[in-house]
Structures are given as structure tokens and as C-alpha cells.
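Q: Please read through the structure below; I'll follow up with questions.
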Amino acid sequence: MHKKRYKILLSEAEIRDRVQELAQDINADYSGEELLVVGILKGAFIFMSDLVRELTIPISVDFMDMSSYGASTRSSGEVRILKDLETPIEGKNVIVVEDIVDTGLTLSYIAELLHTRNPKSLRICTLLDKPSRRKIDITSDYCGFTIPDYFVVGYGLDYNEKHRNYRDICILEPTEHED
Ligand code: IMP
């Protein structure tokens, strides 16, 4: 099975505990406020669904879909919107929920775009951060785990649309993914 080719980096239990901590921070920071939680498809869908169920403040949700790496594990450097928000965000507290920050191109593009729509506040929550590959200086307000430069799959993250359903976050062995 996949355990021969994939090494567990973060276990299901570690992820669950950290997601609860992130949600506690968000609950405290937005106490008495309402929040629009914006998930970036597709990678954030599992993280987002676990995170929002730990939130006790009033929330609504929306999604954006951006162009992704396609068949490659390395960024093309090009970012495009495939699906925009359905909700106007002017005057609202917005948190963008992303699976991983790698070069930072995707999140910086999204943050710049959403800022032009005049939200009351805009913050970024990412489960994983790979700072060693950063091309654009962007930091998340809430970050689950900082990880080395591994290509990881599971808990929503894919390689060629596969492995999103793994409960753990696993390192894809180099021989399996080199371009
Ligand atoms: P960035 O624009 O380079 O920061 O890339 C962000 C996007 O690249 C993420 O939302 C993921 O879809 C994808 N990505 C980056 N690193 C990984 C990885 O290790 N595994 C799976 N997807 C990744």
C-alpha cells in the first residue's frame, strides 16, 4: 500500500490537535465579530471543513479556485482565477484558508486582489508553510506547521489530483514525483 512509497510527515492526530489550536486562536481574535472564511480550492477543502467545525464565532463560507501546478510539482509562476467569490467582502472580516504556502505567488495574488475589495480586515490562515521556497515575501497570520522543502500529499493536498484523501500528510518519495 501507499506506506511503502510515502513517509508520514504529520499524523492525523498531530494535524487534528493543531487545527484545534488554530481555531482557538481565531475564536479568541474574532470574539464578538462575524467572519467570512474563504477556502482556496481544491487543496484547502479538508483543512477548511475541520477548521470551521471548531469555530464558535458566527461564520459564513465561500470559495475561490486558482490555477494550480497542473501535472508538475513545481510552480509555473502563473496565477489565474478559475472561480471567484460569490460573496461581496466590503466591510467584512475575511480569513483566507489555504493548504500550503510555497513560493507565495498564489496567496500574494489573492491577498492583493481581495484588498482592492475593501474588506474590514483580511487575514491568512495556512496549514503548512515551506519558507525555503518563498519567492514573494508573504507571511500568514495563522500557520499550522512550518515544513522543509518536501513535496507533500494528503489531507487535501494532491499530486496529479491523487492522494487528497490520505488522513496523514505524507512525503512523496523523490523518485515518484521528479519532473
Ligand atoms: P505557491 O503559489 O507557490 O505558494 O503555491 C501554492 C499552491 O501550490 C498550494 O495551494 C498547492 O496547491 C501547491 N503546492 C505547493 N507545494 C505543494 C506540496 O508540497 N504538495 C501539494 N501541493 C503543493
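The values are calculated or read from the model by the stated rules, or taken from the named source; none is laboratory data. Fair warning: this is a prediction, and the values are worked out from it, not measured in the lab. Using ideal geometry, Cβ is built from the backbone for each residue, glycine included, and neighbour counts are taken over all protein chains shown. Remember, those area values only see protein heavy atoms, side chains included, never the ligands or the DNA or RNA. Shrake-Rupley method; radii C 1.70, N 1.55, O 1.52, S 1.80 Å.
Q: Of the cross-linked pairs Lys83/Lys135; Lys92/Lys130; Lys7/Lys83; Lys92/Lys135; Lys83/Lys162, which ones have a Cα-Cα span greater than 26 Å in the structure shown?
A: Over 26 Å Cα-Cα: Lys92/Lys130; Lys7/Lys83; Lys92/Lys135.
Q: Using the alpha-carbon atoms, what tilt in degrees (0 to 90, nearest 10) does helix 105-115 show relative to the longest principal axis of the chain?
A: 10
Q: Using only Cα atoms and rounding to the nearest 10 degrees, what angle (0 to 90) does helix 12-29 make with the longest principal axis of the chain?
A: 20
Q: When the accessible area of the chain is computed with all protein chains present and a 1.4 Å probe, what percentage of it is carbon and sulfur?
A: 48
Q: What does the charge count near Ser108 come to, summing +1 for each Lys or Arg and -1 for each Asp or Glu among other residues with Cβ under 15 Å from its Cβ?
A: On the way: positive: Arg80, Arg123, Lys130, Arg133, Arg134, Lys135; negative: Glu78, Glu98, Asp102, Glu112, Asp129, Asp137, Asp141.
So the environment of Ser108 carries a net charge of -1.
Q: I've got another one for you. Give me the 1.4 Å probe accessible area per residue for the chain, excluding ligands and nucleic acids, in Å². Please report the intermediate quantities before stating the final value.
A: Details: 9280 Å² over 179 residues.
Dividing the accessible area of the chain by its residue count gives 52 Å².
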